[in-house]
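The values are calculated or read from the model by the stated rules, or taken from the named source; none is laboratory data. The model shown is predicted, which means the values in this text are computed figures rather than measured ones. Here the Cβ positions follow ideal geometry from the backbone for every residue, glycine too, while neighbour counts run over all protein chains shown.
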Amino acid sequence: MQNTKNKSNHIVSDIIDVPHIFVDTREKLPYVFYKTESCAGGISKTLPVGDYMVEGVDDLVIERKASVSELWSNFGVDRERFFRELELLRKFKYKFLILELQYKDILNGCAYSQISPNFIISNLLKVIFEYEINVIFAGNRTCAHDITRRILLKAWKYNQEGRLNGIKEAS
């Protein structure tokens, strides 16, 4: 394998037909990515930040939240840790927060919590505007898995074609 340049003159290391999806080793209930025509499968790997990345694209990361209680915890008792993680995401051009829930789930609140839905919504808006993170309400685990896969594989394809603006050169 050799280094070559894509259409935007960015170096692309070790040209591959389809990429692996990297899954952070700390994920408690990770998505499984099987080998298909467009994906070489998933690989468990300790990521610097976030939960999912794709081989060959160093400037895209996906963070996933699996439940209302996890989201409430991130904006409540784990707030400092969560916002430190968001600070680390700033260096990525493309960043996503995929929620395995619907907006109405937030409006319904979280049992046994003093934190209001308005506080959670306000903090999600902070994530969008201050941290420039795309927040996606996927609705459920199946849809969240699907959109995660689609985002990662489309980013890889665009990067290979030189159409992903601002992606750093692969090292």
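Selection of first residues in region 24-43 that are on the phi > 0 side of the Ramachandran plot and of second residues that are surrounded by 13 or more Cβ atoms within 10 Å (Cβ to Cβ) and assigned to a loop (DSSP other than H, G, I, E, B), restricted to Cβ pairs under 6 Å at least 6 apart or on distinct chains, gives the following pairs, ordered by first then second residue: Gly41/Phe33. Considering region 64-74, and only residues there that are buried (at least 19 other Cβ atoms within 10 Å of the Cβ) and in contact with a Leu (Cβ under 9 Å, 6 or more places away or on another chain), the residue that is farthest from Val54 (Cα to Cα) turns out to be Val68. Among the residues in region 101-118, are any touching a Phe, Trp or Tyr at 6+ places or on another chain (Cβ under 8 Å), surrounded by fewer than 16 Cβ atoms within 10 Å (Cβ to Cβ), modelled with pLDDT of 95 or more and not in a helix (DSSP H, G or I)? Yes: one or more hits. Going by the structure shown, is Pro19 in contact with a helix residue (DSSP H, G or I) (Cβ under 8 Å, 6 or more places away or on another chain) and at pLDDT 95 or above? The answer is yes for Pro19. Can you find, within region 15-46, the residue that is surrounded by the most Cβ atoms within 10 Å (Cβ to Cβ) among those that are within 25 Å of Glu161 (Cα to Cα) and within 14 Å of the chain's Cα centre (by Cα)? Ranking the candidates gives Ile21 first. Applying a threshold of 7 Å to beta carbon distances and a minimum spacing of six or more residues, or different chains, the list of pairs starting in region 109-129 at a residue that is touching a residue at least 40 places away in the same chain (Cβ under 8 Å) and closer than 14 Å to Val77 by Cα and ending at one that is outside any helix (DSSP H, G or I) and among the small types (Gly, Ala, Ser) reads Ser113/Gly76; Ile115/Gly76.
The C-beta contact set for region 139-156 (first residue over 18 Å from Glu55 (Cα atoms) and in contact (Cβ under 8 Å) with a residue 12 or more places away in the chain, second residue surrounded by 18 or more Cβ atoms within 10 Å (Cβ to Cβ) and aliphatic (A, V, I, L, M), distance under 6 angstrom, 6+ apart or interchain) comprises Ala144/Ile98; Ala144/Ala138. Of all the residues in region 119-135, those that are surrounded by fewer than 18 Cβ atoms within 10 Å (Cβ to Cβ) and either basic (Lys, Arg) or in a loop (DSSP other than H, G, I, E, B) (or both) number 2. Taking the criterion of being among the hydroxyl-bearing types (Ser, Thr, Tyr) and within 18 Å of Asp59 (Cα to Cα), the only residue of region 114-143 that qualifies is Tyr131.
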